[in-house]
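Student: I have a structure I would like to understand better, so I am pasting it below and will then ask my questions one at a time.
The values are calculated or read from the model by the stated rules, or taken from the named source; none is laboratory data. This structure is a prediction, so every number in the text was calculated from the model and none was measured. Here Cβ is always computed from backbone atoms with ideal geometry, including for glycine, and neighbour counts include all displayed protein chains. Each accessible area value is taken on the protein alone, full model and side chains, heavy atoms only, with ligands, DNA and RNA left out. Shrake-Rupley method; radii C 1.70, N 1.55, O 1.52, S 1.80 Å.
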Amino acid sequence: MKAVLSEQGYLLDTVQNIYCRPGYREIDYNDGDAVEEKIAAIVSAASDVSLFSEELRVACTDWVTTCHLHATRTNLLRPFRPLLAGKVLEIGAGCGALTRYLGECGAEVIALEGSRRRAAIAAARTRDLPNVCVVADEFDLFTWEQSFDCVILVGVLEYAGLFSVA
């Protein structure tokens, strides 16, 4: 998948381990700078970023950290586990809670996120999964010439009108 991203013109930011298209404009969406910086710090400092990481579980002290770090969020996808194989596109990856689950299921994941900071957090959360690539790009400008076996959007459609040109 990394080769395909390169062929499509995406460049790897080796510091954040995310792919970006030249000219990428970041979307203005987040849960607040302080909260997302806290989540980034927790994920970066954790030696175990796996789904059932005890380090991440004990860091869940409020709704936002629980939403982004706790394994229970993956219950949304568990009924669909047999379908989450092959090439999966996750649109609106956020900080990688579901991305991590998809990667641990063994799927080849392209995690698309419009916020560069959230994409970097998702990349840090999946840093030990070679089958996951995180892309920071606008959904309507994302290019990919191959098909996906599964496309998921969780908590994304309600914001779509804010970030696409009509």
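Student: Out of (1) in contact (Cβ under 8 Å) with a residue 60 or more places away in the chain; (2) of a type in the set (K, R); (3) over 26 Å from Q8 (Cα atoms), the odd one out for R125 is which?
Tutor: Status for R125: all satisfied but (3).
Student: So, in the range 1-18, of the ones that are touching a residue at least 12 places away in the same chain (Cβ under 8 Å) and part of a loop (DSSP other than H, G, I, E, B), which residue ends up most open to solvent (accessible area, probe 1.4 Å)?
Tutor: N17
Student: Let me ask another. Consider R117 against the criteria (1) under 13 Å from the mean Cα position of the chain (by Cα); (2) open to solvent by less than 30 Å² (accessible area, probe 1.4 Å): it satisfies all of them except one. Which criterion is unmet?
Tutor: The one condition R117 does not meet is (2).
Student: Moving on to the next point. Could you please give the count of residues in the range 84-105 that are touching a Leu at 6+ places or on another chain (Cβ under 9 Å) and either farther than 21 Å from Q16 by Cα or open to solvent by 60 Å² or more (accessible area, probe 1.4 Å) (or both)? Please lay out each step first, then the result.
Tutor: If we filter the range 84-105 for residues that are touching a Leu at 6+ places or on another chain (Cβ under 9 Å), which is where we start, we get 84, 88-93, 95, 97-105.
Restricting the remaining residues to those that are either farther than 21 Å from Q16 by Cα or open to solvent by 60 Å² or more (accessible area, probe 1.4 Å) (or both) gives 84, 88, 104-105.
Count: 4.
Student: Looking at (1) more than 23 Å from V109 (Cα to Cα); (2) open to solvent by less than 70 Å² (accessible area, probe 1.4 Å), which is the one condition that is false for K38?
Tutor: (2)
Student: Please pick out the residue among R21, R81, R25, R57 that is at pLDDT 95 or above, open to solvent by 10 Å² or more (accessible area, probe 1.4 Å) and charged (D, E, K, R).
Tutor: Only one candidate qualifies: R57.
Student: Another one. Look through the range 28-54, keep the residues that are of a type in the set (D, E, K, R) and part of a helix (DSSP H, G or I), and return whichever of them is modelled with the lowest pLDDT.
Tutor: Filtering first and then ranking leaves D33.
Student: Now for a different question. Among (1) surrounded by 15 or more Cβ atoms within 10 Å (Cβ to Cβ); (2) touching a residue at least 60 places away in the same chain (Cβ under 8 Å); (3) under 19 Å from L153 (Cα atoms), where does L112 come up short?
Tutor: So L112 meets the others, but not (2).
Student: Something else about it: Out of everything in the range 43-54 that is over 15 Å from T72 (Cα atoms) and among the polar types (S, T, N, Q), what residue ends up being most open to solvent (accessible area, probe 1.4 Å)?
Tutor: This residue is S47.
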